[in-house]
Amino acid sequence: MKFIAILITVLAVITIVNSQACSYTNTKNDLINLSNLTSYDTNAYNVTSTKTKNIFYYNICGAVRYCADNAQSKGTYSACGYMSKVDKVYAFGVPNMINITSLGDGNEYGATVVYNSSSACANLKRSTVLKLYCYEGTTVESLSVDDSNNCGVVIEANIPCPGVKIPVKKSGLSGGWIFIIILFSSFAAYAIFGSIINWKVRHQSGSSIFPNSSFWSNFGSLIKDGVFFIKGKVSGTPYVGGGATYTEI
Ligand SMILES: *[C@@H]1O[C@H](CO)[C@@H](O)[C@H](O)[C@H]1NC(C)=O
Ligand SMILES: *[C@@H]1O[C@H](CO)[C@@H](O)[C@H](O)[C@H]1NC(C)=O
Ligand SMILES: *[C@@H]1O[C@H](CO)[C@@H](O)[C@H](O)[C@H]1NC(C)=O
Ligand SMILES: *[C@@H]1O[C@H](CO)[C@@H](O)[C@H](O)[C@H]1NC(C)=O
Ligand SMILES: *[C@@H]1O[C@H](CO)[C@@H](O)[C@H](O)[C@H]1NC(C)=O
């Protein structure tokens with residue numbers, strides 16, 4: 001009876017630790033839950049260093065069979081590296097030495113997973129930092145590994161983040177600029193095609209080639225009238241424009 005009680009308690013503690021260990025809540029109050037990203041493939045996820053050709057195998061909140069089968073010292077590992085130069089596999093992280101935090105640098109959409117190990121490397125222990133970025137895809141996509149510090153590697157990967165609304169990157173031009181560009185393009189087209197029609201079809205010459213040239217030559221004074229009219233309304237002194245008088249409505 002006592003044994004069963006202890007067993008249940010131990011299992012409960014393990015469950016709490018596991019479910020807590022594989023998620024965190026970001027400052028936007030989204031739960032970044034990595035539980036479903038655990039791979040059950042023998043090799044889990046892998047990424048090859050472009051410089052050293054070392055191959056790193058890692059899992060997210062789980063162990064890697066390949067690591068258990070091939071590491072120099074027997075154990076359960078969440079990350080290990082095949083070192084091409086020495087032709088050996090070293091442990092780079094164990095499942096229960098895990099720490100999950102935000103990406104930092106203000107990026108809320110992803111997670112940093114740190115695995116430590118007791119695998120000795122110089123005076124240090126080998127460790128792995130996973131930088132996981134939420135993206136629109138549906139599978140984990142390994143991007144790169146930095147193994148320039150050969151005791152601690154940094155692996156970057158894209159991960160699906162169901163339930164997390166990743167903000168869409170803003171387009172380079174705002175609505176206002178697009179409006180202004182369309183306005184100017186339309187005006188340029190109007191001026192060019194209008195001039196061609198006036199020149200070729202209507203056989204105009206000189207300044208009257210410009211479409212509606214008499215309207216545009218008065219445009220400046222129309223604007224001036226408008227401005228003074230509004231100014232007159234605001235200041236209470238009625239403005240009498242060039243020729244026309246605006247009657248009260
Ligand atoms: C994360 O997701 C897993 C699988 O869906 C679930 O069992 C677990 O409770 C979730 N963790 C949290 C903290 O909600
Ligand atoms: C994990 O997968 C299960 C089954 O597909 C799903 O019901 C659950 O919502 C998923 N959890 C997360 C956190 O994506
Ligand atoms: C490494 O991962 C890729 C997918 O990202 C997979 O196609 C390949 O077989 C894996 N290599 C090993 C040695 O597991
Ligand atoms: C990993 O190791 C570092 C440096 O020794 C230590 O500060 C950190 O607390 C360790 N984290 C875990 C989860 O073991
Ligand atoms: C996890 O990482 C955070 C941030 O680096 C640190 O403050 C915390 O002490 C770490 N926890 C463990 C158990 O290593």
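What follows draws every value from the coordinates through simple rules; no lab data is involved. What you see is a predicted model; the values in this text were computed from it and never measured. Note that each Cβ is placed from the backbone with ideal geometry, even for glycine, and that neighbours are counted across all protein chains shown.
Restricting everything to alpha-carbon atoms, can you work out Rg to Rh for the stretch 2-160 with a Kirkwood hydrodynamic radius? Spell out each step's value before the answer.
Numbers: Rg = 16.1 Å, Rh = 16.2 Å.
Result for the stretch 2-160 is an Rg/Rh of 0.99.
With each pseudo-label sitting 7 Å past Cα toward Cβ, what's the Ile196-Ile223 distance in nm, one decimal?
Going from the Ile196 label point to the Ile223 one covers 2.7 nm.
How much length is gained on full extension from Asn212 to Thr138, taking 0.36 nm per residue of separation minus their Cα-Cα distance? Mind dumping the intermediate values first?
Numbers: separation 74, 0.36 × 74 = 26.64 nm, distance 5.82 nm.
Length gained between Asn212 and Thr138: 20.8 nm.
I'd like the projected area of the stretch 29-117, averaged over all directions, using the convex hull of its alpha carbons. Report it in nm² with one decimal. Intermediate values should be presented prior to the final figure.
Working: hull surface 26.3 nm².
Convex hull of Cα atoms, orientation-averaged projection: 6.6 nm².
Which of the chymotrypsin sites (Phe, Trp or Tyr not before Pro) found in the stretch 19-107 are in a DSSP loop and have at most 15 neighbouring Cβ atoms, other than their own, within 10 Å?
Details: sites: Tyr24, Tyr40, Tyr45, Phe56, Tyr57, Tyr58, Tyr66, Tyr77, Tyr82, Tyr90, Phe92; in loops: Tyr40, Tyr77.
Answer by residue number: Tyr40.
Give, in nm to one decimal, the length gained when the segment between Phe184 and Asp105 is fully stretched (0.36 nm per residue of separation minus the Cα-Cα distance).
Numbers: separation 79, 0.36 × 79 = 28.44 nm, distance 4.02 nm.
Contour length minus the Cα-Cα distance gives 24.4 nm.
Restricting attention to the stretch 69-168, which GluC sites (Glu not before Pro) occupy a DSSP loop and are surrounded by at most 11 other Cβ atoms within 10 Å? Please list the in-between numbers first.
On the way: sites: Glu108, Glu136, Glu141, Glu156; in loops: Glu108, Glu136.
Here the sparse-neighbourhood loop sites are Glu136.
Looking at this model, which pairs from Lys51/Lys165; Lys53/Lys74; Lys28/Lys51; Lys28/Lys53; Lys131/Lys165; Lys53/Lys165 are more than 28 angstrom apart at the alpha-carbon?
Details: Lys51/Lys165 35 Å; Lys53/Lys74 24 Å; Lys28/Lys51 37 Å; Lys28/Lys53 39 Å; Lys131/Lys165 19 Å; Lys53/Lys165 36 Å.
In this structure, Lys51/Lys165; Lys28/Lys51; Lys28/Lys53; Lys53/Lys165 exceed 28 Å between Cα atoms.
Apply the Karplus curve 6.51 cos²θ - 1.76 cosθ + 1.60, θ = phi - 60°, to the phi angles in the stretch 208-223 and return the couplings in whole Hz, x for Gly and Pro.
For the stretch 208-223, the Karplus curve yields 6, 5, 5, x, 6, 4, 5, 5, 5, 5, 8, 4, x, 6, 5, 4 Hz.
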